[in-house]
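This report concerns only the one structure given below.
The values are calculated or read from the model by the stated rules, or taken from the named source; none is laboratory data. Nothing here was measured: the structure is a model prediction, and the numbers come from that model. Cβ placement follows ideal geometry from the backbone for every residue including glycine, while neighbour counts extend to all protein chains displayed. Remember, those area values only see protein heavy atoms, side chains included, never the ligands or the DNA or RNA. Shrake-Rupley method; radii C 1.70, N 1.55, O 1.52, S 1.80 Å.
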Amino acid sequence: MEAFILKSTAILLVLYVFYKILLESTSIHKFKRVYLFLSLILPFAIPFITFTTYVEIEPIIENFATQQQQIIYAEPTQIIETFNLWPVILWTVYGLGVLFFGIKFFGNLFRLIQNMNKNPKRRNRQFTYILLNDSMLPHTFFNFIFLNKKEFESDKIPQEVLLHEQTHATQMHSLDIIFVELLQILFWFNPLFYFIKKSIKLNHEFLADEAVLQAGTILSKYQTILLAFSSNGETPSLANSINFSSIKKRFTVMKTKTSKKAILLRSLLLLPLVSILIFGFSSKETIQKQIEKSISSTEKIQDINIKIIEDSKIQLNGKSTNLAALSTEINKLNTHLTNEQKQKYLYANVEITKDSQKDLAEKISEILYASNIRMWNISNLENEKNEGFKHIPFKSPTSGKSIAEAEIIYRERLEEIDKYKKSISQNSENNPWSIELGETTERDSVTRKIISNKEKTDQQKSHTRFVFNTSKKTNTGLKKAKYSENSNLKGLLPPLKPGLDLTARNVDIVVFEDGTYTVNGVFSTKQNFVKTVNKFHQDISADVRNKIINIHLESKKYIPDAEVKFIYNSLKDYGFYRMVTPNQEIILAKGNTPMESTIGMFPMVNPEETIKELTKKGAEFYSGPHRITPDEALELVKKFRETPIEVNENDPLKPIVILGGC
């Protein structure tokens, strides 16, 4: 508030000084009236003008390797509240001043209205003459002209005086006075408003004098009349009176004729003056803005979309090529990436249109690997169409991203994989598959929890083996038994290689929404899924894997039954003992198979309404293994009205809806 008052006062002072020096003595009275009015507006408008400067700063990219959260502990300090009396005193004084000048203003207004009501009136066109019994000089308030009754009725008031007062009424000079009076109430402590009001009233007299002279009145005669009315009679402060002071200055201005050149020159001086005031007294704001680097198309990570049109025709990002030139064309893309960055950030999408192209897709996979691309997806459009799935094109999460943005995506994926690996492979007493060969503990045959810590002899440790548990009380599938040459358990296990470790082993598979996987942290697609799994546990045969391998399936979201079936069918030849998903356990030796959906096919009375109702329940929608939005699901059933809708309501709060069946 203090800064605003100081700025407005300084602006008002500069404008007033400019008026007194260069404008007041000129004959451009109408221009001066506008100038004085704006002089009351600009001091309050300019401080609110804000010039914003944007300072560009380099974006800060946090280094994940060194990023640390810093916590600063501040010592508690005792806060002592003190009461400042000065603001109360100042606001009290200000309020009393506003009250005093407000009462004075409304008192003057009340007296004028009282004179209008209690004295006789005479109407003359748009003017109303108020005839006063008191001896008072002529004065005007809006279109009311106050005259002495005796002098008016005896025609002693000259027509020049009446024309002078009528000019005040016609040009609405009272509006200027009311406006400055109200400002004077609010800023009673600022003396500049008193001087401004005086200059405004004086300019009103200039305007009225000019109108009288332009009507044909002789200058000398009019000056004589003004001198005759130059007594010190009292007039209301809100009215314009003919007997305003500075008669000498009015006489001087009457004779002045300002040249057009002088008017133009003084008017032009206003432009730099106002510019200086705006620049000097407006507000400045500096905003820091991060530079949004315009990454050119060569700096962004480009898509690698490969489509096999015919058995030998290939398209790379929509441009025709062939198998021999594919490696060269791929290496022309993303040249701003190092080999290591390509391995981390690049994804490729390969689409085949029929099964006979699988061999060609495998060759393309080898080219991708040689081009430092470690992640790719192969889609069989024919299979998707036959199974009734809506084809959702694979979209690389790093497509169109900068290196910094791709690094963030890469690290988020690593964190996600690491979280899953930790959650499913922790060694604890509640994890029955964390048993080490020859451990010095015994576990409950049902719960698999540690029940005692007993030291075993070296001979006992050497004969500890895993065998099938035939007890009906447990479905964990494995338990420890003492195995010896004469044991009746002999023959249950195939001949063992010397030193072979038959500890229970895991294959941890994370299922992602886009239909890709990680197998023990290694990225995989459906097309190379079996090949990826076969990289692990090759030191043992499929028969042994059927006894000790546990497949763990995890996902952030629901794993569709179709995914479980796919993984189950893909790994039967590889060999495993059991497969564990978030909602089922499949033991291969017992002949278990993946369970079907709990509800089955939803009645297809009105597929659109069915989707809408399921959306209201908060359902998650899938087209095959791909997660889709409710809007996409609605579009799918509109386009393919015979699309089967499978609903799994194991979780009644969030049903799982699969379009196209399992």
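Label-to-label distance, residue 256 versus residue 123, with points set 7 angstrom from Cα along the beta-carbon direction: 4.1 nm.
When you filter the trypsin sites (Lys or Arg not before Pro) in segment 249-286 for DSSP loop state and at most 11 other Cβ atoms inside 10 Å of their Cβ, you are left with 257. Share of pairwise Cα-Cα distances greater than 20 Å in segment 271-377 is 53 percent (whole percent). In order along segment 548-557, phi translates into HN-Hα couplings of 10, 8, 10, 9, 10, 9, 9, 7, 5, 10 Hz, rounded to whole numbers, per the Karplus curve 6.51 cos²θ - 1.76 cosθ + 1.60 with θ = phi - 60° and x for Gly and Pro.
Each Lys or Arg adds one and each Asp or Glu takes one away; over the other residues whose Cβ falls under 12 Å from the Cβ of residue 250, this sums to 0.
Report the GluC sites (Glu not before Pro) located in segment 154-261 that are in a DSSP loop and have at most 15 other Cβ atoms inside 10 Å of their Cβ, or state none.
234
Can you pick out the pairs among 385/557; 300/526; 526/556; 198/221 whose Cα atoms lie more than 22 Å from each other? In this structure, 385/557; 300/526; 198/221 exceed 22 Å between Cα atoms.
Legend: distances between Cα atoms for 289/319; 104/255; 395/535; pairs beyond 30 Å are 289/319; 104/255. For residue 592, the residues whose amide H sits under 5 Å from its own are 587, ignoring neighbours fewer than 5 places away on the same chain, with H placed 1.01 Å from N. In the context of the full set of protein chains, segment 133-248 has a per residue accessible area of 45 Å² (1.4 Å probe). Between the beta carbons of residue 289 and residue 408, assuming R0 = 30 Å, the FRET efficiency works out to 0.90 to the nearest 0.05.
Taking only protein heavy atoms and a 1.4 Å probe, what accessible area per residue, in Å², does segment 315-369 have with all protein chains in place?
Ligands and nucleic acids excluded, the result is 51 Å² per residue.
For segment 366-383, backbone phi angles converted through the Karplus equation (6.51, -1.76, 1.60; θ = phi - 60°) give residue-by-residue couplings of 5, 5, 4, 4, 5, 8, 6, 9, 9, 10, 8, 10, 10, 10, 9, 5, 5, 5 Hz, Gly and Pro being listed as x. Under 5 Å from the amide H of residue 132 lie the amide H atoms of 147, 148, 149, each residue being 5 or more positions distant or on a separate chain, with H modelled from the backbone and absent for Pro and chain starts.
Candidates 215, 124, 114 compared by Cα position along the dipole of segment 96-232: farthest toward the positive end lies 114, with charges placed on Cβ.
Sites listed here are trypsin sites (Lys or Arg not before Pro) in segment 297-372 whose DSSP assignment is loop and whose Cβ has at most 10 other Cβ atoms within 10 Å: 332. Each residue, residue 116 and residue 37, gets one label point 7 Å from its Cα in the Cβ direction; the gap between the two is 2.1 nm. Could you tell me whether segment 129-175 comes out rounded, prolate or oblate from its Cα gyration tensor? Rule is a ≥ b ≥ c as square roots of the eigenvalues, rounded for a/c under 1.5, then prolate if a/b exceeds b/c, otherwise oblate. Oblate is the answer for segment 129-175, as a/c is 1.5 or above yet b/c matches or exceeds a/b. Extending 7 Å from Cα along the Cβ direction at residue 237 and again at residue 224 yields two label points whose distance is 3.7 nm.
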